[in-house]
Amino acid sequence: MTFTEPLKVGLVGTGYAASQRAKALQDSPRSVLLAVSGNSPENLATFCQTYSVPAVNSWQQLVNDSNLDLIVICTVNRDHGTIARAALEALKHVVVEYPLSLNLREAAALMSLAQKQNKLLHVEHIELLGGVHQAIRQYLPAIGKVFYARYSTITPQRPAPRRWTYHQELFGFPLTAAVSRIHRLTDLFGSVATVNCQARFWDAPESGYYTSCLCAAQLGFTNGLIADVIYGKGENFWQGDRTFELHGDEGTLIFAGEKGTLVRGEEITPIEVVPRRGLFVQDTEMVLDYLWEGKPLYVSPSASYYALLVADAARFAVTTGQTQVLDG
Ligand code: NAP
Ligand code: BLA
């Protein structure tokens with residue numbers, strides 16, 4: 001199913017991810033951006049003016065445009081699954097920003113549908129392309145057997161915006177929405193045996209919104225590793241944190257933001273993290289490599305799905321208050 005002419009692409013969304021996609025698609029000779037749909041008419045008009053692209057009134061219209069080969073979904077999480085389904089049913093290739101769906105069953109059904117339709121369903125996971133992840137992969141052998149990991153991302157925000165990222169339905173369960181946190185770990189350490197999680201939301205006066213959230217999950221990996229994953233944001237936080245610590249029996253790796261350190265007793269080695277700009281560009285280029293040349297992508301649907309499954313187990317652990325045991 002390789003292409004020899006520029007792919008005709010339609011984009012759903014007009015925010016940050018969408019603008020990165022629009023630039024990447026327009027900069028490549030292997031794709032042409034033909035239409036965009038959005039949410040608010042003003043933002044859609046501005047976006048379409050910036051990129052000189054025709055606007056369409058709805059994503060339904062976009063996915064059913066018989067002229068398009070590929071739909072790129074960069075809108076709020078709530079709608080990812082529904083739009084991906086409609087696009088696959090209309091026999092389009094699909095690229096979707098993570099998460100594939102807020103509903104695990106729907107995610108599984110979409111993967112089967114893509115196979116049935118013989119279409120690409122690619123979920124973007126730029127966290128795997130970033131400098132920190134690449135540096136961890138490179139230095140992991142230096143710390144022996146890893147037995148404990150802690151990955152904490154806390155973002156104070158005051159006042160918390162009334163945006164989709166602070167809305168229960170639009171954003172979804174925070175560790176599903178931020179599935180990249182779990183995916184980094186499953187990519188490095190494989191399968192998870194047990195999942196526990198606690199979560200707290202501080203509700204905003206407007207229905208559905210919150211002003212802060214905190215999710216604290218503990219994953220027990222099949223290989224024995226214990227991992228704490230912390231995600232917090234909003235008004236109740238006063239100090240930001242972005243720390244990834246990996247403790248092995250021969251050393252410790254610590255990433256504070258982009259600053260990496262390898263600690264082995266007295267020996268403290270700074271780790272250079274290559275700044276990777278343009279992660280969405282890289283992702284887009286790899287999709288085009290796949291569709292044009294059949295080159296394998298950097299992430300498989302099953303790996304993406306597995307991270308989503310672990311995130312969903314965390315969600316279930318919150319609602320039941322019980323540790324979830326996953327099948328091997
Ligand atoms: P964003 O900049 O806030 O853009 C959100 C888009 O969704 C805009 O087009 C916005 O349109 C629309 N939207 C907002 N509220 C909506 C609603 N109630 N109903 C329908 N559409 C609505 O967000 P983003 O950062 O680009 O994120 C888009 C997707 O990419 C998300 O799934 C996110 O998880 C994923 N992602 C983003 C990044 C990143 O670096 N930003 C990284 C990885 C994955 P209006 O502005 O007109 O409302
Ligand atoms: C991830 N960034 C995300 C996600 C959202 C945003 C919704 C997916 C959920 C998550 O993993 O937390 C949204 N990020 C924002 C917003 C800002 C932001 C609104 O930084 C406001 C400044 N993303 C950006 C910008 C950069 C960026 C401007 O919008 C950097 C210059 C980077 N966002 C970025 C990266 C990820 C991400 C690299 C992947 C997360 C990871 O590595 O785990």
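The values are calculated or read from the model by the stated rules, or taken from the named source; none is laboratory data. No experiment lies behind these values; they were computed from the predicted model shown. Positions of Cβ are generated from backbone atoms using ideal geometry, with glycine treated the same way; all protein chains shown enter the neighbour counts. For the accessible areas, the whole protein counts, side chains as well, though only heavy atoms, and no ligand, DNA or RNA atoms are used. Shrake-Rupley method; radii C 1.70, N 1.55, O 1.52, S 1.80 Å.
Things worth noting here:
- Prolate/oblate/rounded call for the stretch 229-323, Cα gyration tensor, a/c under 1.5 rounded: oblate
- Each peptide among 75-83, 222-230 gets the average number of other Cβ atoms lying within 10 Å of its residues, and from highest to lowest they stand as 75-83, 222-230.
- Percent of alpha-carbon pairs separated by more than 16 Å within the stretch 36-147: 66 percent
- For the stretch 7-124, the fraction of 1.4 Å probe accessible surface lying on carbon and sulfur atoms is 46 percent.
- Efficiency of FRET from Cβ geometry, Glu267 and Asp65, R₀ 51 Å, rounded to 0.05: 0.30
- Once the GluC sites (Glu not before Pro) in DSSP loops with at most 16 neighbouring Cβ atoms within 10 Å are cut out of the chain, the longest remaining piece is 1-205.
- Trypsin sites (Lys or Arg not before Pro) restricted to the stretch 83-148 and DSSP loop, no more than 11 other C-beta within 10 Å: Lys145
- Averaging the Cα positions of each part gives two centres, and for the stretch 185-219 and the stretch 1-72 these lie 32 Å apart.
- Amide H partners (placed H, <5 Å) of Phe237, local residues excluded: Gln157
- Loop-resident sites, the stretch 226-278, for trypsin sites (Lys or Arg not before Pro), counting at most 16 other Cβ within 10 Å (DSSP): Arg276, Arg277
- Nearest 10 degrees, 0 to 90: helix 180-189 Cα axis against the chain principal axis: 60 degrees
- Part-to-part distance (alpha-carbon centres) for the stretch 304-328 and the stretch 119-161, which is given in Å: 19 Å
- Over the chain: helical MRE at 222 nm, DSSP H runs n ≥ 4 each giving -39500 (n - 2.57), nearest 500: -10500 deg cm²/dmol
- Per residue, the Cα convex hull of the chain amounts to 142 Å³.
- The alpha-carbon of Lys116 sits under 14 angstrom from the alpha-carbons of these aspartates and glutamates, leaving out residues fewer than 8 places away in its chain: Glu89.
- In the calculated pair-distance distribution of the stretch 93-252, the portion above 23 angstrom amounts to 47 percent of the Cα-Cα pairs.
- Taking a straight line from the alpha carbon of Lys295, these lysines sit under 20 Å away, with near neighbours fewer than eight places off in the same chain left out: Lys8, Lys92, Lys119.
- For the residues Asp249, Asp65, Asp312, a GNM of the chain with alpha-carbon springs under 10 Å puts the largest fluctuation on Asp249.
- The chain: angle of helix 104-117 to the longest principal axis, Cα-based, in degrees nearest 10: 50 degrees
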